[in-house]
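Asker: Structure in structure tokens, see below.
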Amino acid sequence: MYSDSLTIKTRKGEAIFYLVGLLTVYLVPTLSHLFAFPLYYLEPMRIIVILALLHSRKWNAYILALTLPMFSFLVAGHPVFIKMLLISAELFVNVLLFDLAVEKKLNGFVAVFLSILFAKMVYYALKFLLISAGLFNTLLIATPLLFQAALTILLTIYAYYVYRKNNNFKGRLG
């Protein structure tokens, strides 16, 4: 009986992550126009994926990493198809590297920082190759580096507090 209520509670939490993730992605273009500020600078997909990494089972983070950019492309037409693939790859690498770091017993906040940093390196390397090959006509760096650095630091600080509170990520490894 206890395990049934735990399963229901876990599934409700997972459903909330999916719903918040989808609503966020769905509303970002509209809210960006409303506030006259490109909210995608705040990397809402990364925020949702990192929250899933820290508060959910790992497969939820993988699913969100792969589907949030696709959902945004399908409902809002943004990002363009090739960038959608790049963002999906970046977020997937972010989750994968986080899992590898946690399994190697790195602190959760260090794992978040390094996984974001290396995922961004992969993203920019792939984007550079696509631009150089003439397959993608865009700026290499569209989101200001200051915003990216600030978000990385904020997410790392948040992970530090989550890690300190829980002292581990037992729930993540399941």
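The values are calculated or read from the model by the stated rules, or taken from the named source; none is laboratory data. Predicted model only: the values in this text are computed from it and were never measured. Glycine also receives a Cβ, built like all others from the backbone with ideal geometry; neighbour counts cover every protein chain displayed.
Asker: What number of residues in the range 114-126 are under 12 Å from Leu53 (Cβ atoms) and of a type outside the set (Val, Ile, Thr)?
Answerer: The total comes to 2.
Asker: For the range 69-83, indicate whether the set of residues that are in contact with a Phe, Trp or Tyr (Cβ under 6 Å, 6 or more places away or on another chain), touching a residue at least 40 places away in the same chain (Cβ under 8 Å) and within 16 Å of Ala142 (Cβ to Cβ) is non-empty.
Answerer: Looking through the range 69-83, at least one residue is in contact with a Phe, Trp or Tyr (Cβ under 6 Å, 6 or more places away or on another chain), touching a residue at least 40 places away in the same chain (Cβ under 8 Å) and within 16 Å of Ala142 (Cβ to Cβ).
Asker: I would also like to ask the following. Please find, among Ala65, Ala61, Ala52, the residue that is of a type in the set (A, V, I, L, M), within 24 Å of Leu114 (Cα to Cα), in a helix (DSSP H, G or I) and at pLDDT below 90.
Answerer: Of the residues listed, the single one that is of a type in the set (A, V, I, L, M), within 24 Å of Leu114 (Cα to Cα), in a helix (DSSP H, G or I) and at pLDDT below 90 is Ala52.
Asker: Filter the range 100-137 for residues that are surrounded by 13 or more Cβ atoms within 10 Å (Cβ to Cβ) and not in a helix (DSSP H, G or I) and give the result.
Answerer: Hits for the range 100-137 are Leu106, Asn107, Phe136.
The rows are residues; the columns are (1) among the hydroxyl-bearing types (Ser, Thr, Tyr); (2) touching a Cys at 6+ places or on another chain (Cβ under 7 Å); (3) in contact (Cβ under 8 Å) with a residue 60 or more places away in the chain.
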| position | (1), (2), (3) |
| --- | --- |
| Val95 | no, no, no |
| Gly108 | no, no, yes |
| Ala125 | no, no, no |
| Leu130 | no, no, no |
| Thr138 | yes, no, no |
| Gln148 | no, no, yes |
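Asker: Outside any helix (DSSP H, G or I), modelled with pLDDT of 95 or more and farther than 15 Å from Met45 by Cα, is that true of Leu97?
Answerer: Spelling it out, it is not the case that Leu97 is outside any helix (DSSP H, G or I), modelled with pLDDT of 95 or more and farther than 15 Å from Met45 by Cα.
Asker: Further question: Using the structure shown, decide if Asn60 is buried (at least 19 other Cβ atoms within 10 Å of the Cβ), within 21 Å of Tyr26 (Cβ to Cβ) and without any contact (Cβ under 8 Å) to a residue 60 or more places away in the chain.
Answerer: When the stated conditions are applied, Asn60 passes them.
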